[in-house]
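**Student:** One structure, pasted below without further comment.
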Amino acid sequence: MALLDVSNLSVRFDTDDGAVQAVDGVSLELEQKQVLAIVGESGCGKSVTAMSLLRLLPPSATVTGAASFDGRDLLAADESELRAIRGREISFVFQEPMTSLNPALTVQKQIGEVLRRHLDMSGDQARERTVELLDLVGIPAPRRRLGEYPHQLSGGMRQRVMIAMALACDPKVLIADEPTTALDVTIQAGILDLLRDVRERLGTAIVLITHNLGVVADIADRVVVMYAGRKVEEAEVHELFAHPQHPYTVGLLAAIPRKANGDGRRRLQEIPGIVPSLPEPPPRCTFAPRCPRADERSRSEQPPLREVRPDHHVACFHPGEEPWPEGWRT
Amino acid sequence: MTTAEAVLSPRARQRRRMRRRLLRRPLAVAGLVVALMFVLMALFAPLIAPYSPGKSDFSAALSGPSSQHLFGTDDLGRDIFSRVVWSARASMQAGVFATLLAMAVAVPIGLVAGYYRGWIDPVISRITDVVLAFPFLIIAVGLAAILGPSLKNATIALGIAAMPILVRVTRGETLALREEDYVKAAVANGASDFVILGRHILPNMTGTLLVQATVWIPRSIIGEALLSFLGLGVQPPTPSWGVMLSAAQPFIDQAPRLVIFPGLAIFLATLSFNLLGDGLRDILDPKTRA
């Protein structure tokens, strides 16, 4: 059985401006030591999916479906059970390292707090473990950093501290929500190396949320592509990159900037339009309005997820690898 | 950064930076010095005052300033300077303890209202709104009248009267801080509500609360003077600036210094705390930092 098993998860927000269906019937499985990437543009419901698992969403959210972790039902757990899981067995790394550390606490206190809470460590033990963790995440001269405040650290350094904090209790699952997006490209590579290292050395399973397929190719084992709250494609990473099936995935791959091969410049292909925010799950393909392959059927019927190649699932009536027509517009 | 500074711990370096920023504001420094002077005056009144505040010298009643009596004497021949010095005790006691009492009660209430929202927030907010419909001093006078005249009761009355605004300030600050990423990160790390409020929200509003303290200490000093003037605070013969003003009423024409010196003391004490508060606000609020 999978470590993390999510099936038919839906999240709905009731806001003052009406309802928003943020996630619609998503199923995921995360195995031990696996790196699962969830990919999609901003607003596709990636973060909401992840946050709903630890019930970190505001009260305006209604979550339905099922999610179990290590045999425990996450959606039925009470507040104290959740607190015991959060940060201990499943931990989070957020996108914004600049604002995710408490400015009033030193590095030592920040990480020490988690250790004392979950592992009941004494002050000295927590201190030693913190040094160990800072060393693990590649912070030089860790002892000197203990007494420093977040404002004295650079962005990449803060993200390393965040990761150290997330790893403090040796969690089974690390959920990293756009961990490199706010960082410089050179720093990004370092953080990705660190995540890969964490998986190798500690055997932590990682859910990596990103909109950057370059990051995915680098580190993920398996990829889930989401669009407008639905899972539209899922496959092993090599399979997905070699044989993308959903037109959205094909478009995302074409939108990665890469070096032209010899014959001069190549225009970067974009996906025209934006991700819609839907009050109700529509009975059609949500990507149809932006899709070059859309037809009457896509606009009147929701495509089910089906296996088009071995272990490669797509929710599209017209799967295929062919690239988008040149200069296509909606 | 000089080499001497580089060897300092980060905390010491930050403290040093704060101190330098404060020193660049002469008015705030003046406020700090005068406020400290009043605090020391209260603490060491017996050493500073040349006479006991209650000691009468009827032969020298209503005499003007002299080498014997720096500020002159009152109608009972008591040394005005000594009485002004001793009165600092009542004022500081009322100012500091009323503020501490108000914070001790109001801050937790504000934290709860701002953090949990739900039904508790509107209930607390409406209650504070109702109380805020009455001016601070009116509430203090009313409560002091109910509690009975004494310095202790005046302090309690002033503390209670200060609570609604402090609740409101704390609540507002909590509303803003609970949306911070580090608070969300703490929740995701399994922190309990108590830890989040005590370790992640409260420490990040110390600056605001410090500035509030410098607002409420002088207000309570004025409040104490007013209550004592009305006979609801310090009871004669114990000296207090308010008591002195009240007793001086029949002699205003004859000996205006009976009013001037305690009045000046109230003025300087409140002004000093206010100047200090303004300076602290500038230093602690990054938005107004030049």
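The values are calculated or read from the model by the stated rules, or taken from the named source; none is laboratory data. None of the values given here were measured: they were computed from a predicted structure. As a convention, Cβ positions derive from the backbone with ideal geometry for all residues, glycine included, and neighbour counts pool all protein chains shown.
**Student:** Return the residue satisfying two criteria in turn: it lies in segment A:159-193 and is more than 22 Å from A:Leu53 (Cβ to Cβ) and β-branched (Val, Ile, Thr), and of such residues it is surrounded by the most Cβ atoms within 10 Å (Cβ to Cβ).
**Tutor:** Filtering segment A:159-193 for residues that are more than 22 Å from A:Leu53 (Cβ to Cβ) and β-branched (Val, Ile, Thr), the one surrounded by the most Cβ atoms within 10 Å (Cβ to Cβ) comes out as A:Val161.
**Student:** Tell me whether segment B:95-107 contains one or more residues that are of a type outside the set (A, V, I, L, M, F, W, C) and either buried (at least 17 other Cβ atoms within 10 Å of the Cβ) or over 26 Å from B:Ile221 (Cα atoms) (or both).
**Tutor:** Yes, segment B:95-107 contains at least one residue that is of a type outside the set (A, V, I, L, M, F, W, C) and either buried (at least 17 other Cβ atoms within 10 Å of the Cβ) or over 26 Å from B:Ile221 (Cα atoms) (or both).
**Student:** Can I ask one more? Could you please find all residues in segment A:125-156 being within 14 Å of chain B (Cβ to nearest Cβ), more than 16 Å from A:Gly112 (Cα to Cα) and either at pLDDT 90 or above or in a helix (DSSP H, G or I) (or both)?
**Tutor:** Within segment A:125-156, A:His151, A:Gln152, A:Gly155 meet the criteria.
For every residue, the table says whether it meets (1) within 29 Å of B:Ser63 (Cβ to Cβ); (2) in contact with a Leu (Cβ under 7 Å, 6 or more places away or on another chain); (3) polar (S, T, N, Q); (4) not in a helix (DSSP H, G or I).
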{"site": "B:Ala185", "(1), (2), (3), (4)": "no, no, no, no"}
{"site": "B:Ala213", "(1), (2), (3), (4)": "no, no, no, no"}
{"site": "B:Ala265", "(1), (2), (3), (4)": "yes, no, no, no"}
{"site": "B:Leu280", "(1), (2), (3), (4)": "no, yes, no, no"}
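**Student:** On the basis of being of a type in the set (Lys, Arg), within 25 Å of B:Ala161 (Cα to Cα) and modelled with pLDDT of 85 or more, does B:Arg281 make the cut? Walk me through how you get there before you give the answer.
**Tutor:** Values: of a type in the set (Lys, Arg): yes; within 25 Å of B:Ala161 (Cα to Cα): yes; modelled with pLDDT of 85 or more: no.
Considered against the rule, which asks whether it is of a type in the set (Lys, Arg), within 25 Å of B:Ala161 (Cα to Cα) and modelled with pLDDT of 85 or more, B:Arg281 comes out as no.
**Student:** I'm trying to understand the selection: among the residues of segment A:101-120, which are facing another protein chain (nearest Cβ under 8 Å) and either farther than 25 Å from B:Ala176 by Cα or within 17 Å of the chain's Cα centre (by Cα) (or both)?
**Tutor:** The answer is A:Arg117, A:His118.
**Student:** Can I ask one more? Taking segment A:11-37, which residues are of a type in the set (S, T, N, Q) and farther than 26 Å from A:Asp221 by Cβ?
**Tutor:** A:Thr15, A:Gln21
**Student:** Now for a separate question. Could you check segment A:201-309 for strands (runs of 3 or more DSSP E) lying wholly inside it with 1 or more residues that are under 30 Å from A:Asp17 (Cβ atoms) and touching a residue at least 60 places away in the same chain (Cβ under 8 Å)? Working first, answer last.
**Tutor:** Numbers: elements: A:205-210, A:222-227, A:230-236, A:306-309.
Ranges flagged: A:205-210, A:222-227, A:230-236.
**Student:** From the list B:Thr174, B:Thr155, which one is closer than 30 Å to B:Ala247 by Cβ and assigned to a helix (DSSP H, G or I)?
**Tutor:** On the way: B:Thr174 fails: closer than 30 Å to B:Ala247 by Cβ.
Residue meeting the stated conditions: B:Thr155.
**Student:** Check off (1) more than 19 Å from B:Ala88 (Cα to Cα); (2) modelled with pLDDT of 90 or more for B:Thr206 and give me the number that stays unchecked.
**Tutor:** The one condition B:Thr206 does not meet is (2).
**Student:** Taking segment B:199-218, which residues are within 18 Å of B:Arg281 (Cβ to Cβ), within 11 Å of chain A (Cβ to nearest Cβ) and among the β-branched types (Val, Ile, Thr)? Before you say what the answer is, go through the steps one by one.
**Tutor:** First, pick out the residues of segment B:199-218 that are within 18 Å of B:Arg281 (Cβ to Cβ): B:204-218.
Next, from what is left, pick out any that are within 11 Å of chain A (Cβ to nearest Cβ): B:204-207.
Of everything in segment B:199-218, just one residue is within 18 Å of B:Arg281 (Cβ to Cβ), within 11 Å of chain A (Cβ to nearest Cβ) and among the β-branched types (Val, Ile, Thr), namely B:Thr206.
**Student:** Counting just the residues of segment A:61-100 that are without any contact (Cβ under 8 Å) to a residue 60 or more places away in the chain, of a type in the set (Gly, Ala, Ser) and out of contact with any strand residue (DSSP E or B) (no Cβ under 7 Å at 6 or more places or on another chain), which one comes out farthest from the other protein chains (Cβ to nearest Cβ)?
**Tutor:** To start, the set of residues in segment A:61-100 that are without any contact (Cβ under 8 Å) to a residue 60 or more places away in the chain comprises A:61-65, A:72-86, A:99.
Now narrow it down to the ones that are of a type in the set (Gly, Ala, Ser): A:61, A:65, A:76-77, A:80, A:84.
Remaining after also requiring out of contact with any strand residue (DSSP E or B) (no Cβ under 7 Å at 6 or more places or on another chain): A:76-77, A:80, A:84.
On the way: A:Ala76: 18, A:Ala77: 12, A:Ser80: 9, A:Ala84: 7 Å.
Once the filter is applied, the top-ranked residue is A:Ala76.
**Student:** Name the single residue that is farthest from B:Leu264 (Cα to Cα) among those in segment B:31-52 being over 17 Å from the mean Cα position of the chain (by Cα) and of a type in the set (Gly, Ala, Ser).
**Tutor:** Pass one, segment B:31-52, residues over 17 Å from the mean Cα position of the chain (by Cα): B:44-52.
From the residues that got through so far, the ones that are of a type in the set (Gly, Ala, Ser) too are B:45, B:49, B:52.
Working: B:Ala45: 18, B:Ala49: 17, B:Ser52: 21 Å.
Ranking the candidates gives B:Ser52 first.
**Student:** From the set of residues in segment B:250-283 that are free of Cβ contacts under 8 Å to residues at least 12 places away in the same chain and of a type in the set (Val, Ile, Thr), which is surrounded by the fewest Cβ atoms within 10 Å (Cβ to Cβ)? Break it down stepwise before answering.
**Tutor:** Taking segment B:250-283 first, the residues free of Cβ contacts under 8 Å to residues at least 12 places away in the same chain are B:252-253, B:256, B:260, B:264, B:267.
Those still in the list that are of a type in the set (Val, Ile, Thr) too: B:252, B:260.
Values: B:Ile252: 12, B:Ile260: 15.
Checked segment B:250-283; the qualifying residue surrounded by the fewest Cβ atoms within 10 Å (Cβ to Cβ) is B:Ile252.
**Student:** Sticking with this one: How many of the residues in segment B:178-193 are more than 14 Å from A:Met165 (Cβ to Cβ) and facing another protein chain (nearest Cβ under 7 Å)?
**Tutor:** Final tally of qualifying residues: 2.
**Student:** Would you check if B:Ile196 is part of a helix (DSSP H, G or I), at negative phi, within 14 Å of chain A (Cβ to nearest Cβ) and in contact (Cβ under 8 Å) with a residue 24 or more places away in the chain? Full working, then the answer.
**Tutor:** Working: part of a helix (DSSP H, G or I): yes; at negative phi: yes; within 14 Å of chain A (Cβ to nearest Cβ): yes; in contact (Cβ under 8 Å) with a residue 24 or more places away in the chain: yes.
Against the criterion (part of a helix (DSSP H, G or I), at negative phi, within 14 Å of chain A (Cβ to nearest Cβ) and in contact (Cβ under 8 Å) with a residue 24 or more places away in the chain), B:Ile196 qualifies.
**Student:** Still on this structure, I have one more. Being farther than 24 Å from B:Thr155 by Cβ and among the small types (Gly, Ala, Ser) narrows it down to one residue among B:Ser59, B:Ser87; which is it?
**Tutor:** B:Ser59
**Student:** To continue, here is another question. Can you tell me which residue among B:Gly242, B:Gly231 is in contact (Cβ under 8 Å) with a residue 12 or more places away in the chain, under 16 Å from B:Val141 (Cβ atoms), away from chain A (no Cβ under 14 Å) and surrounded by fewer than 18 Cβ atoms within 10 Å (Cβ to Cβ)? Let's see the steps before the verdict.
**Tutor:** Numbers: B:Gly242 fails: surrounded by fewer than 18 Cβ atoms within 10 Å (Cβ to Cβ).
After ruling out the rest, the residue left standing is B:Gly231.
**Student:** Shifting gears a bit: Can you confirm whether segment A:52-73 contains a residue that is in contact with a Pro (Cβ under 8 Å, 6 or more places away or on another chain) and of a type in the set (D, E, K, R)? If you could, list the steps in order and put the result at the bottom.
**Tutor:** Let us first name the residues in segment A:52-73 that are in contact with a Pro (Cβ under 8 Å, 6 or more places away or on another chain), namely none.
No, segment A:52-73 contains no residue that is in contact with a Pro (Cβ under 8 Å, 6 or more places away or on another chain) and of a type in the set (D, E, K, R).
**Student:** Sort out for me the strands (runs of 3 or more DSSP E) sitting completely within segment A:4-118 that have 1 or more residues that are surrounded by fewer than 22 Cβ atoms within 10 Å (Cβ to Cβ). Working first, answer last.
**Tutor:** Values: elements: A:4-15, A:18-30, A:35-39, A:61-69, A:90-93.
Once the strands (runs of 3 or more DSSP E) in segment A:4-118 are filtered for at least 1 residues that are surrounded by fewer than 22 Cβ atoms within 10 Å (Cβ to Cβ), what remains is A:4-15, A:18-30, A:61-69.
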